[in-house]
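Undergrad: First the structure, which I've put down as structure tokens, then a few questions once you've had a look.
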Amino acid sequence: MAIVSVIQQAVSEQLSKLYQVEVNPSSITVSETKPEFEGDYTVVLFVLLKTLKKKPEELGNELGQALLANNANLFSAFNVIKGFLNLAVNDSFWLNFLKENYNEPAYGRLPRNGKRVMVEYSSPNTNKPLHLGHLRNNFLGWSVAEIYKANGYEVIKTCIANDRGIHICKSMIAWQLFGNGATPDSTGIKGDHLVGDYYVQFGTELKKQMVPIKEKKLAELLAAGKTQEQAEKIMEDTKQEMEKEAPIMQAAQQMLVDWEAGKPDVVELWRTMNSWVYKGFDETYKRIGSDFNKVYYESETYLLGKGLVEEGLQKQVFFRKDDGSVWVDLTKDGLDEKIVQRRDGTAVYITQDIGLAEVKQNEFHSDQSVYVVGDEQNYHFKVLKLICQKLGVAGADGIFHLSYGMVELPTGRMKTREGTVVDADDMLDEMIKEAERKRTEREQEQKEKGQHKTEDMTEEELKKLDEMVGTGGLKFFLVRVDPQKRMIFNPEESIDLHGFTATFVQYAFARTQSVFRKELHTGSDIGTDLLPLEKELILSLERYPEVIKQAGEEMNPSAIASYVFNVAQLYNSFFAKHKILTAETPAKKELRLQINQLVANVLKSGMALLGIQVPERM
């Protein structure tokens, strides 16, 4: 049992004995004692004062004395400061904890709980390669899935590929106009990059074709008596309507109609170009470690939900307007009216999502369904959950939108059509090169000091190290921030041996391994006392299961990132202050070797939950 739970139970028992009051242990607030006060853990007394009709100091002293008298094997001292009871935990507790857990690689993970959760993430469009925003999505989704596993859940990882629609047709039309039969093999360009290039080229050509259209529209507005400012405002407001006049846009719209009609040559081109993209995606997913149990395709799901529209009309969840379109009224739920079927009978995006939610639930019967999607879709997922609940779709109550903030660069927001997006592959390459550059700089510094830590590593080992550090730096940087916050990614900050980075944690792990290359623990006597830094480090390691639990409840990998970084900081202080292999006594040596092992296990386990590998040597 975790120390906090042990303390809660002990306090509850003593309150019952002292005052004949039954208090649920879980309702008792226990936290780590602040550094400026003596003690290890603090019990908050304020909530008990009204019930017990006692002053804070009186209650604190009576409870503290009772805890010491009846739990001498657990507590060694206490002090009271206003409404806070600070308790010092016996060294014996921490030593027993260490002996029981130091050599357990699965420490911190819970057994299977019989529950199943589905996590949907990535969800790319097949008209462009994965970009920096997709990386944050993938890293968050994958990590949340792994954290759920660590909390005992069975996890189903899913992805919806947005492989149809006007945006796909734009790449197809541009390839027909400008591709001259180009393929990934003939150009040597990765398939998703090749298709993405034609999407950008579509945007470039559209801009060219819009010039005469804009000039004509401006002239008409000015001739109608509008001022220059008024005319420009009208043109900006009607930009999308004006774009429909461009020949290349009309061609894309016609291609979409032909695709939906099943025109053979259009469908064949669509399949061919999508196959190029999927092969490219698979290569990127392999590089970043993303995997899925099931991939759904919009081309196979976009008609889903139409049956639910009819069902919703019968249940009076939906209503039909005079023009024949179907809507849902969510004003009583604090939202507004939302269309679920156009007047021509075609489905809208929310209709497809309702149908897919039902299909996924029928296939996997999950207790919870998590959608990892950017915060610009907050409203969409509120509507989705409400509609599913009103329709009685199975699993509707378990729908959860893990909303995350967009990733921006120091230069501003990225735009795909304008070609300002940072491709995931390019970013990975840049990070690995940055890792190599910093490693070679460090090697030079070490040589000047007479140290040669990586001199006997092979070229293959060094390459693998650079990939670990570069990719790890990217992952850590993108998950170390609370998911709901927007963030600016700066590659130069993400690989810093002394900063809040994966590199810092990886280096601490490598230090633990450098110790074990010289000597291993034996399981022999570790003594009966702890020095302050030894105790602080063990206390921090004892919190690991609670951190995993918290990260799961909050769906927040940044809690893991902050925790492993803090453990690495403490370990570095411990490593600098206390000798391990030449400790004062054999018991101290074994104690520190066991601490070293538990630190290694926790760092490796915690980083694995973030999808980050830790090297044996750096």
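A short reminder: the numbers here are calculations on the coordinates, not readings from a lab. Note that this is a predicted model, so its numbers are computed, not measured. Reconstructed Cβ throughout: ideal geometry from the backbone, glycine too, with neighbour counts over all protein chains shown.
Undergrad: What value, in deg cm²/dmol to 500, does the helix sum -39500 (n - 2.57) over DSSP H runs of n ≥ 4 give at 222 nm once divided by the residues of the chain?
TA: Numbers: 24 runs with 348 residues, N = 618.
My calculation for the chain gives -18500 deg cm²/dmol from helical runs alone.
Undergrad: Quick one: helix 502-516 against the long Cα principal axis of the chain, what's the angle to the nearest 10°, folded into 0 to 90?
TA: 40
Undergrad: Okay, next question. Assuming a ≥ b ≥ c are the square roots of the Cα gyration tensor eigenvalues, decide whether the stretch 3-89 counts as rounded (a/c under 1.5), prolate (otherwise, with a/b larger than b/c) or oblate. Each step should come with its number before you reach the end.
TA: Values: a/c = 1.43, a/b = 1.20, b/c = 1.19.
Verdict is rounded for the stretch 3-89.
Undergrad: Hey, another quick one. Of Lys279/Lys360; Lys438/Lys464; Lys115/Lys549, which ones are farther than 18 Å apart at the Cα?
TA: Numbers: Lys279/Lys360 25 Å; Lys438/Lys464 15 Å; Lys115/Lys549 15 Å.
Among Lys279/Lys360; Lys438/Lys464; Lys115/Lys549, the Cα-Cα distance tops 18 Å for Lys279/Lys360.
Undergrad: Once phi is turned into ³J(HN,Hα) by the Karplus curve 6.51 cos²θ - 1.76 cosθ + 1.60 with θ = phi - 60°, what whole-Hz value does each residue of the stretch 432-446 show in order, with x for glycine and proline?
TA: 3J(HN,Hα) across the stretch 432-446, in whole Hz: 5, 5, 5, 5, 5, 4, 5, 5, 5, 4, 5, 4, 5, 5, 5.
Undergrad: Turning to a different aspect of this structure: Tell me, how many Å apart are the Cα centres for the stretch 269-291 and for the stretch 569-618?
TA: First find each Cα centre; the distance between them is then 40 Å.
Undergrad: Give me the extension gain from Glu310 to Glu232: residue separation times 0.36 nm, minus the current Cα-Cα distance, reported in nm with one decimal. Can you show the working numbers first?
TA: Working: separation 78, 0.36 × 78 = 28.08 nm, distance 4.36 nm.
Using 0.36 nm per residue and subtracting the Cα-Cα distance, I get 23.7 nm.
Undergrad: Looking at the stretch 250-401 only, what percent of DSSP beta bridges run antiparallel? Nearest 5 please.
TA: Values: 8 of 11 bridges.
Of the beta bridges lying entirely in the stretch 250-401, close to 75 percent run antiparallel.
Undergrad: Along the Cα→Cβ direction, 7 angstrom out, place labels at Ser514 and Glu430. What is the inter-label distance in nm?
TA: Output for this residue pair reads 3.1 nm.
Undergrad: Filter the cross-link list Lys17/Lys55; Lys315/Lys385; Lys239/Lys321 down to pairs whose alpha-carbon distance in this structure exceeds 21 Å.
TA: Numbers: Lys17/Lys55 19 Å; Lys315/Lys385 17 Å; Lys239/Lys321 28 Å.
Going by Cα-Cα distance, Lys239/Lys321 fall outside the 21 Å limit.
Undergrad: Another question, then. With charges only on Cβ, +1 for K and R and -1 for D and E, what is the dipole size of the chain about its Cα centre, in debye, rounded to 20?
TA: On the way: 76 positive and 90 negative charges, 139 e Å.
Its charge dipole is roughly 660 debye.
Undergrad: While we're on this one: Collect residues whose amide H, placed 1.01 Å from N in the peptide plane, falls under 5 Å from the amide H of Gly152; neighbours closer than 5 in sequence don't count.
TA: Correct list: Leu110.
Undergrad: Apply the a/c threshold of 1.5 to the C-alpha gyration tensor of the stretch 424-524 and tell me whether it is rounded, prolate or oblate.
TA: Details: a/c = 2.19, a/b = 1.41, b/c = 1.56.
Oblate is the answer for the stretch 424-524, as a/c is 1.5 or above yet b/c matches or exceeds a/b.
Undergrad: Please give the peptides 488-499, 191-202 ranked by average Cβ packing (other Cβ atoms within 10 Å per residue), highest first, as a rough proxy for protection.
TA: Working: 488-499: 15.1, 191-202: 23.0.
Top of the packing list down: 191-202, 488-499.
Undergrad: Taking Rg and Dmax of the Cα atoms in Å straight from the coordinates, which label in (1) 30.1, 96; (2) 24.8, 82; (3) 35.8, 145 is the correct one?
TA: (1)
Undergrad: If the cut-off is a Cα-Cα distance under 20 Å, which aspartates and glutamates reach Lys390, setting aside same-chain residues fewer than 8 apart in sequence?
TA: Glu310, Glu311, Asp329, Asp333, Asp336, Glu337, Asp353, Glu358, Asp367
Undergrad: Another question, then. Mind checking the angle between helix 532-542 and the chain's longest principal axis? C-alpha axes, 0 to 90 degrees, to the nearest 10.
TA: The angle comes out near 50 degrees.
Undergrad: Calculate how steeply helix 586-609 sits against the longest principal axis of the alpha-carbon atoms of the chain, using the helix alpha-carbon long axis, and give the answer as 0 to 90 degrees to the nearest 10.
TA: Long axis of 586-609 versus the principal axis of the chain: about 20 degrees.
Undergrad: List the lysines whose Cα sits under 20 Å from the Cα of Lys244, skipping any in the same chain fewer than 8 residues away.
TA: Counting by Cα, and skipping residues close in sequence, Lys244 has these lysines nearby: Lys170, Lys207, Lys208, Lys214, Lys216, Lys217, Lys233.
Undergrad: Given the chain, what percent of its DSSP beta bridges are antiparallel, to the nearest 5?
TA: Given both bridge residues lie in the chain, the antiparallel proportion sits at roughly 50 percent.
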